[in-house]
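What follows is one structure encoded as structure tokens, with my remarks underneath.
Just so it is clear, none of the values below were taken in a lab; they were calculated from the coordinates. Quick caveat, the model's predicted, so the values are computed rather than measured. Note that we place each Cβ from the backbone using ideal geometry, even for glycine, and neighbour counts take in every protein chain shown.
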């Protein structure tokens with residue numbers, strides 16, 4: 001088991017570094033179509049966000065969660081986004097409780113400002129999702145990207161958001 005291979009270094013970046021990476025991808029490819037691959041190492045522990053394409057108004061990431069991995073209840077006040085399950089299963093919750101358990105090829109749309117959280121359902125392998133969102137990082141400040149139920153800024157790689165050490169499965173990949 002490797003802790004963090006080179007190809008996943010940006011996956012463990014802080015929220016601000018992830019925003020910078022997506023903004024850089026958008027700037028480098030401004031006005032041009034972007035082909036991308038969704039190949040990623042699978043995880044034994046933790047979660048990773050792998051940016052694959054971006055414009056000023058749209059981001060595409062692959063999210064990988066170890067079996068049982070989760071995040072804390074939060075909202076993105078300025079971003080509509082969607083998740084599509086590529087492998088595994090995830091149970092999504094809103095502020096009232098469980099909304100749905102999604103399997104491969106199922107998805108959910110989360111409107112901006114909606115409180116939600118999810119966890120990877122214990123399956124035979126890690127959860128892999130495609131995440132497409134509409135943040136315009138040039139128009140929003142750090143504090144508006146993710147907030148907790150009290151409306152306070154919540155860093156993506158924080159204990160509040162249930163972050164744990166990233167460990168990958170040896171020679172196991174999606175895609």
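Spacing of the modelled spin labels on residue 167 and residue 150, each 7 Å from Cα toward Cβ, amounts to 3.3 nm. As a calculated quantity, the FRET efficiency between residue 73 and residue 20 at R0 = 25 Å, using C-beta atoms, amounts to about 0.45. With the simple spin-label model, which puts each label point 7 Å out from Cα in the Cβ direction, the residue 57 to residue 159 separation comes to 4.1 nm. Three semi-axes describe the equivalent ellipsoid of the chain; taken as square roots of 5 times the Cα gyration tensor eigenvalues and ordered largest first, they are 22, 21, 15 Å. Taking other C-beta atoms within 10 angstrom as a stand-in for reagent exposure, 50, 25 fall in the order 25, 50, fewest first. Look at 47, 131, 39 and count the other Cβ atoms within 10 Å of each Cβ; fewest to most, that gives 39, 131, 47.
Helix-only arithmetic for the chain: the sum of -39500 (n - 2.57) across DSSP H runs with n ≥ 4, divided by the residue total, places the mean residue ellipticity at 222 nm at -2500 deg cm²/dmol. Taking R0 as 25 Å, what's the FRET efficiency between residue 96 and residue 132 from their Cβ-Cβ distance, rounded to 0.05? It comes to 0.50. With the chain treated as a Gaussian network of Cα nodes joined by springs under 10 Å, which of 160, 124, 28 yields the largest mean-square fluctuation? So, out of 160, 124, 28, the one fluctuating most is 124.
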